1. Going through the range 32-45 one residue at a time, which ones are touching a Leu at 6+ places or on another chain (Cβ under 6 Å) and within 17 Å of N188 (Cβ to Cβ)?
2. Taking the criterion of being at pLDDT below 90, of a type outside the set (A, V, I, L, M, F, W, C) and outside any helix (DSSP H, G or I), would at least one residue in the range 296-313 satisfy it?
3. With respect to L155, is the statement that it is in contact with a Phe, Trp or Tyr (Cβ under 8 Å, 6 or more places away or on another chain) and assigned to a helix (DSSP H, G or I) true?
4. Looking at S68, S18, which one is under 20 Å from the mean Cα position of the chain (by Cα) and hydroxyl-bearing (S, T, Y)?
5. Could you list, in sequence order, all residues of the range 135-146 that are in contact with a helix residue (DSSP H, G or I) (Cβ under 8 Å, 6 or more places away or on another chain) and either crowded, with 18+ Cβ neighbours inside 10 Å or among the β-branched types (V, I, T) (or both)?
6. So which helices (runs of 4 or more DSSP H) are wholly in the range 1-58 and hold at least 1 residues that are in contact (Cβ under 8 Å) with a residue 12 or more places away in the chain and over 19 Å from I194 (Cα atoms)?
7. Please work out which one of (1) in contact with a Lys or Arg (Cβ under 9 Å, 6 or more places away or on another chain); (2) at pLDDT 90 or above; (3) of a type outside the set (D, E) is the condition I119 fails and give its number.
8. In the range 72-122, what count of residues is obtained for those that are surrounded by 17 or more Cβ atoms within 10 Å (Cβ to Cβ) and not in a helix (DSSP H, G or I)?
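The values are calculated or read from the model by the stated rules, or taken from the named source; none is laboratory data. Just so we're clear, the structure is a prediction, and the values are computed from it rather than from any experiment. Glycine gets a Cβ as well: all are built from the backbone with ideal geometry, and neighbour counts include every protein chain shown.
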Amino acid sequence: MKVTNSEYACLSSFLIRSLFFGPAIYSILHFALQDGWISIIVSFILSFIPLIIYYKLLNCNPNDNIVSLNNKLGLIGKIINTILTAFVIFHASLILWNLTNFIYSQFLFQTPLIVIAIIISFGIFYISIKNLTTIARTGTVFFIISTILYFIAALSLISKCDLNGLKPIFNSGIMSILKGSFSSLGLNIFPLFIILIIPKNNIKNNNKIISSFFKVYIFRYLCMLSVLVICVAILGIELTNLYQYPEYHILKTINIANFFQRVESVLSVQWIFDAVMSIALCLYYVKESITKTFNLKNKFNLINIICIISILIIANYIFTSNTVAETFYKNIYPFLTSIFFLIIPLIILIIVKVKKT
């Protein structure tokens with residue numbers, strides 16, 4: 001089962017944006033206010049640190065994914081795999097909670113959250129039981145649709161922007177900008193670690209990975225930057241911070257020739273694609289990790305079923321209110337992702353390099 005380098009890049013892009021709508025944009029603007037766009041730029045510069053670590057892990061042994069690479073470290077490697085697998089399940093649960101909460105608050109406010117989550121999970125489960133090639137091709141189609149919807153939204157909103165809303169610059173202070181940058185790294189960049197479940201030799205034309213990846217990576221960063229700028233430029237920083245999903249509310253202002261109106265429901269599908277594909281990738285990671293670490297066979301997709309049920313339960317009971325969720329995403333989760341998706345991978349890289357010398 002192989003994927004092309006462009007499909008690999010597309011899959012990576014979903015991990016970047018899975019928590020941007022809602023948690024990330026709220027956290028960035030909470031800390032940096034109208035300087036949030038500067039936080040995005042700073043996080044882009046700092047993101048090369050984890051990207052270098054991930055790239056070196058990808059190249060440690062082209063035949064190994066991150067799980068099989070850890071297994072070669074013996075017992076400590078199996079322990080690391082178990083810890084990372086548990087955290088990936090937790091990460092998928094947070095994405096599912098954010099998605100179900102978005103659908104509940106904006107579309108189906110009379111439907112219980114668990115019902116929405118179960119319906120979404122059927123689609124995610126169906127994707128996750130397919131092989132990697134099918135997942136990658138599905139992701140590419142979703143990426144193309146998401147890109148088209150993004151350009152429709154951006155071009156429709158750009159005339160409504162008032163860049164005076166971004167002034168004064170550096171009003172929030174350097175530390176606030178750095179806190180916003182750390183939130184962006186923790187919620188959008190560190191989860192890219194999950195894509196290491198695909199070995200380098202499972203990627204066609206893997207000598208072009210960097211080129212394909214960075215084209216998509218830079219595009220996704222520009223998308224996040226533009227969304228944040230447009231939100232503040234249209235709504236203002238006070239109103240933007242008031243909404244839980246400001247990027248959805250600005251879509252309500254779209255009016256094309258007094259004919260195309262109330263298109264926010266269609267354009268918001270791009271965020272649903274981001275979340276669904278990210279959770280599917282998390283499930284693929286967990287399935288590969290469990291089967292390789294404990295030498296199990298995934299008969300009747302039993303592992304997928306257990307994982308999706310676990311994700312559903314965690315997502316349904318993890319937060320008692322939106323306030324608790326916002327506080328967690330803003331103050332706690334970036335630190336957790338930095339530990340599990342940055343520090344632990346760095347330790348793995350050091351151990352692997354030391355064993356080779």
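1. The answer is G36, W37, I40, S43.
2. Checking the range 296-313: at least one residue is at pLDDT below 90, of a type outside the set (A, V, I, L, M, F, W, C) and outside any helix (DSSP H, G or I).
3. For L155, the condition - in contact with a Phe, Trp or Tyr (Cβ under 8 Å, 6 or more places away or on another chain) and assigned to a helix (DSSP H, G or I) - is not met.
4. One residue alone meets the criteria, S18.
5. Across the range 135-146, the qualifying residues are I135, A136, T138, G139, T140, F142, F143, I145, S146.
6. 25-32, 36-46
7. It fails just one condition, (1).
8. Total meeting the criteria: 0.
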